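Some notes on the structure that comes next.
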Amino acid sequence: MNNLMKKIDMFCYKHPKFGIKNLMLYVVIGNLIVWLFSMMDTSGLLINILKFSPQMILRGQIWRLVTFAIVPTNTGILAIIMFYFYYFIGNTLEQNWGVPKFNIYFFSGMILTIIYGFLIYFITGSDILISAEYIYLSMFFSFAALFPNTEVLFFFVIPMKIKWLAYIDAAFFVYEFIRMPFPYNFLPVVAVLNFLVFCGPTLFSSFRRTKKNNTVNFAKAAKKINKQQNRASYNRKCEVCGRTDTDYPSLEFRYCSKCTGYHCFCQDHINDHIHFTE
């Protein structure tokens with residue numbers, strides 16, 4: 001996964017104009033429009049035309065490959081709240097990752113969901129109800145991994161850090177996996193694979209570290225880094241994407257003061273990484 005993530009970062013660096021800017025805004029507007037019209041459409045015809053259906057897609061209704069992502073996963077006032085939440089986390093991820101990386105993240109979740117939907121259709125011969133629910137869940141997991149201490153009002157009253165909500169969602173995620181029959185129970189897993197690709201390596205490595213001391217001896221750490229650099233062909237190397245100042249001389253590199261130790265990051269990842277705790 002590390003190699004794949006480096007290739008994605010390299011692609012985003014070489015193609016800064018790739019993707020749709022403010023993607024999540026358009027997705028939420030699409031959800032809102034469908035939600036408003038579906039409130040007037042008591043027959044459910046609109047939702048049936050837009051939702052994912054391998055059988056109908058194979059008959060030529062290819063718009064369903066895209067429109068299933070704008071079919072609301074909630075109803076009533078809860079839908080309005082979730083629209084705002086989707087926009088908030090999506091916009092935050094885009095600002096921190098950049099437009100290309102966020103577009104790859106969102107559309108890779110859609111593609112993985114579509115592929116698995118077709119696999120189930122070919123295996124079982126029946127359509128499967130697929131929505132963008134797990135795509136949004138993967139976005140939420142990524143947001144929680146990047147900003148674990150962000151506080152939100154749980155039930156609009158109780159202040160709670162986002163990481164605890166992520167743990168609760170993860171518990172329901174496991175429950176759904178156990179409850180759903182095979183092979184349908186693997187749909188949530190497939191839909192959040194992009195989260196594991198984008199955030200997994202750094203997240204898993206942080207779990208393995210034991211937090212021993214928050215005090216950093218920068219003089220000692222700098223001396224160690226300088227010795228390593230004397231043996232290397234570069235002076236600075238990003239801990240996330242692996243780019244160096246030798247390969248990319250115009251790229252800016254900085255050291256993170258919040259990480260334990262002396263860790264260097266490029267300009268694209270100085271504000272987009274999980275802090276080292278050891």
- Query: What do you reckon, is F253 modelled with pLDDT under 60 and either closer than 26 Å to P148 by Cα or surrounded by 15 or more Cβ atoms within 10 Å (Cβ to Cβ) (or both)?
  - Reply: no
- Message: Can you find a residue that is of a type in the set (V, I, T), within 23 Å of V34 (Cβ to Cβ), touching a residue at least 60 places away in the same chain (Cβ under 8 Å) and in the same structural domain as F173 (by TED's automatic domain parsing) anywhere in region 105-114?
- Response: yes
- Item | Boolean, S38 is farther than 23 Å from F198 by Cβ and assigned to a loop (DSSP other than H, G, I, E, B) | no
- Message: Please go through region 244-278 and give me each residue that is touching a strand residue (DSSP E or B) at 6+ places or on another chain (Cβ under 9 Å) and of a type in the set (K, R), ordered by number.
- Response: R254
- Just give me the residues in region 12-31 being under 23 Å from A191 (Cβ atoms) and crowded, with 17+ Cβ neighbours inside 10 Å, in sequence order. C12, G19, L23, M24, V27, V28, G30, N31
- Message: at pLDDT below 90, part of a helix (DSSP H, G or I) and over 30 Å from D268 (Cβ atoms): is that true of I120 in this structure?
- Response: yes
- Item | Any pair with Cβ under 6 angstrom, 6 or more apart, that starts in region 40-68 at a residue that is surrounded by 15 or more Cβ atoms within 10 Å (Cβ to Cβ) and ends at one that is basic (K, R) | F52/R64; S53/R64; I57/R64; F68/K51
- In the list I77, I62, which residue meets the criterion of being at pLDDT 90 or above, farther than 30 Å from G200 by Cα and of a type in the set (A, V, I, L, M, F, W, C)? I62
- With the checklist (1) more than 18 Å from F265 (Cβ to Cβ); (2) at pLDDT 80 or above; (3) not in a helix (DSSP H, G or I) in hand, flag the one item Y175 doesn't pass. (3)
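The values are calculated or read from the model by the stated rules, or taken from the named source; none is laboratory data. If you're wondering where the values come from, they're calculated on a predicted model, not measured in any experiment. Heads up, the Cβs are rebuilt from the backbone with ideal geometry, glycines too, and the neighbour counts pull from every protein chain shown.
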